[in-house]
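In what follows, a structure is listed as structure tokens, so that the remarks can point back to it.
The values are calculated or read from the model by the stated rules, or taken from the named source; none is laboratory data. What you see is a predicted model; the values in this text were computed from it and never measured. FYI the Cβ positions are ideal-geometry reconstructions off the backbone, even for glycines, and counts take in every protein chain you see. For the accessible areas, the whole protein counts, side chains as well, though only heavy atoms, and no ligand, DNA or RNA atoms are used. Shrake-Rupley method; radii C 1.70, N 1.55, O 1.52, S 1.80 Å.
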Amino acid sequence: VLRKREAFRAAFCGFDFDKVAQFSEDDIERCVADAGIIRHRGKIVSTINNARRAIEMQDEFGSLARFFWSYEPQPHERPDVFDYATLRANPITPASTRLSKDLKKRGWTFVGPTTVYAFMQAMGMVNDHIEGCHCRPRIETQRLEFVRP
């Protein structure tokens, strides 16, 4: 998927969810025909649906960040030591499961707990760099310094 990131960026208007929410059937067909992206019709339709749900949530919470950061795992939910074994054994967490259920209740699709956990990692909500990784302390400092909404 990462190798196709620029094609996804082009197909989905720079990931601007306000624009994606306006996609029509013609846009869906354009995306299905785009060999540069994953052409799963259900996932394309889901992306449009989720963009529309994101707008609703932004209106409700004032920002998506405010909503998503409310699901930041508490320290007792995180492993004391983070190593390869922990990483392999934890593709989901209690927090990702809670967030997944809430998103589904709000009409989001293709947001299972594993996908949601990957999102939490990507946005910096959790620091899953293993112990000893030169990035771990720097990322943890940045994560803790992030001003939450």
Selection from region 1-33 of residues open to solvent by less than 80 Å² (accessible area, probe 1.4 Å) and either free of Cβ contacts under 8 Å to residues at least 24 places away in the same chain or of a type in the set (K, R) (or both) yields K4, C13, G14, D16, S24, D27, I28, C31, V32, A33
Of the residues in region 81-95, those that are surrounded by 14 or more Cβ atoms within 10 Å (Cβ to Cβ), among the hydrophobic types (A, V, I, L, M, F, W, C) and assigned to a loop (DSSP other than H, G, I, E, B) come to F82, I92
State whether the residues of region 34-46 include one that is open to solvent by 60 Å² or more (accessible area, probe 1.4 Å), within 26 Å of R148 (Cβ to Cβ) and either modelled with pLDDT of 95 or more or among the hydrophobic types (A, V, I, L, M, F, W, C) (or both). no
Within region 58-80, of all residues that are open to solvent by less than 50 Å² (accessible area, probe 1.4 Å) and among the hydroxyl-bearing types (S, T, Y), the one nearest to S100 (Cα to Cα) is Y71
Going through region 109-131 in order, the residues found to be without any contact (Cβ under 8 Å) to a residue 60 or more places away in the chain, open to solvent by less than 80 Å² (accessible area, probe 1.4 Å) and outside any helix (DSSP H, G or I) are G112, M123, G124, M125, V126, N127, D128, H129, I130
query = Is there a residue in region 63-70 that is in a loop (DSSP other than H, G, I, E, B), of a type in the set (S, T, N, Q), farther than 24 Å from C31 by Cβ and at pLDDT 90 or above?
reply = yes
